[in-house]
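The values are calculated or read from the model by the stated rules, or taken from the named source; none is laboratory data. From a predicted model like this one, the values you see are computed outputs, not experimental measurements. Quick reminder, even Gly has a Cβ in these numbers, built from the backbone with ideal geometry, and neighbours come from all protein chains shown. Each accessible area value is taken on the protein alone, full model and side chains, heavy atoms only, with ligands, DNA and RNA left out. Shrake-Rupley method; radii C 1.70, N 1.55, O 1.52, S 1.80 Å.
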Amino acid sequence: MSLPSSILFYGPAYSGKMTAALELARTLTCETDEALWNCNCRSCKNHRLMEHPYTLLTGGRYFYEEISASADLLMEKDDLVSRYMFVRNVRKLLKRFDTVLWEGDTAKLKKCQSQLASVTEKIDLFLPGEELPEEKKKHKLMDSLLSDCQKLSIAVPGSTPINQIRKISTWAHRAGEKKVVILENADHMQEGARNALL
């Protein structure tokens with residue numbers, strides 16, 4: 001299969017553009033020829049849990065609304081779908097704090113460090129296959145996680161800044177594994193960031 005080096009997904013809000021982009025990223029980096037959703041290769045497993053080290057996400061998003069809605073679903077019905085949805089939505093937010101994007105900006109990241117550490121630790125408790133605590137503790141854990149996610153959501157730049165575009169470009173051109181960059185809401189980027197991307 002041959003694809004252009006960049007693809008634009010366009011459509012109304014909530015039409016599944018990010019889902020399509022993430023699934024394409026998983027398919028492109030799959031270590032088998034089939035790239036089925038339940039593929040057991042290392043790359044597909046990492047993509048399903050939003051842990052793939054060579055996939056970067058940047059740009060603003062309705063993070064808290066999406067995380068909160070998937071949390072409600074999980075609290076109402078604990079199954080594989082709700083687990084994946086919740087974990088993936090939280091990790092879409094965490095991906096915005098990847099060290100590649102913030103290299104050299106440790107002062108800015110320092111303000112979010114406690115929330116990042118807390119969310120990173122707590123989200124693992126909701127992974128598919130993990131046993132959730134009893135109801136009262138589960139609600140307390142979820143409330144704490146949602147509070148931290150709300151604070152982190154505010155810290156994400158509304159559009160991808162020029163310094164992150166430059167870091168992404170440097171990272172993407174390094175030799176090694178296949179890399180995927182998803183720039184969400186690219187149409188909101190400032191002119192300098194758009195020019196740097198070109």
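Using alpha carbons only, how many degrees (0 to 90, rounded to 10) separate the axis of helix 80-94 from the longest principal axis of the chain?
With rounding to tens, the tilt is 50 degrees.
Note the full-extension length gain between residue 15 and residue 114 as 0.36 nm times their separation in residues minus their Cα-Cα distance, in nm to one decimal.
Working: separation 99, 0.36 × 99 = 35.64 nm, distance 3.33 nm.
In short, 32.3 nm is gained.
Using a 1.4 Å probe, what is the accessible area per residue for the chain, in Å²? Walk me through the intermediate numbers first.
Values: 11580 Å² over 198 residues.
Heavy-atom accessible area per residue stands at 58 Å².
Tell me the label-point distance for the pair residue 46, residue 146, using the 7 Å Cα-to-Cβ offset, in nm and rounded to one decimal.
Between residue 46 and residue 146, the label points sit 3.3 nm apart.
Under 1.5 on a/c is rounded, so check that first for segment 34-128, then, if it is not, pick prolate when a/b is larger than b/c and oblate when it is not; a ≥ b ≥ c are the square roots of the alpha carbon gyration tensor eigenvalues. The partial results should precede the final answer.
On the way: a/c = 2.10, a/b = 1.29, b/c = 1.63.
Oblate shape, in that a/c is at least 1.5 and b/c is the bigger or equal ratio.
Please report, as a whole percent, how much of the solvent-accessible surface of the chain comes from carbon and sulfur atoms (probe radius 1.4 Å).
Details: 6190 of 11580 Å².
Result for the chain: 53 percent of the exposed heavy-atom area is carbon or sulfur.
Please arrange 159, 2, 169 by accessible surface area, largest first, computed with a 1.4 Å probe and ligands excluded. Walk me through the numbers before you get to the answer.
Working: 159 25, 2 110, 169 50 Å².
So, going from the largest accessible area down, we get 2, 169, 159.
Which aspartates and glutamates, if any, have their Cα less than 17 Å from the Cα of residue 179, not counting same-chain residues under 8 positions apart?
23, 31, 51, 98
On the full set of protein chains, 1.4 Å probe, figure out the accessible area of residue 102 and give it in Å² to the nearest 10.
Surface open to solvent at residue 102 totals about 20 Å².
Check which residues have an amide H placed less than 5 Å from residue 56's amide H, if you skip close sequence neighbours.
Those qualifying (amide H under 5 Å, at least 5 residues apart or on another chain) are 180, 181, 182.
Hey, got a sec? Which trypsin sites (Lys or Arg not before Pro) in segment 65-111 land in a DSSP loop and have at most 13 other Cβ atoms within 10 Å? Numbers along the way, then the final one.
Working: sites: 77, 83, 88, 91, 92, 95, 96, 108, 110, 111; in loops: 77, 111.
The qualifying sites are 77, 111.
What pairs from 77/110; 77/111; 17/122 go past 31 Å between their alpha carbons? Please report the intermediate quantities before stating the final value.
On the way: 77/110 36 Å; 77/111 34 Å; 17/122 28 Å.
Exceeds cut-off: 77/110; 77/111.
Report the gain in length on full extension from residue 99 to residue 76: 0.36 nm times residue separation, minus Cα-Cα distance, nm rounded to one decimal.
Between residue 99 and residue 76, full extension yields 4.8 nm more.
For a distance above 23 Å, tell me the whole-number percent of Cα pairs in the chain that qualify.
Details: 9031 of 19503 pairs.
Cα-Cα pairs of the chain separated by over 23 Å account for 46 percent.
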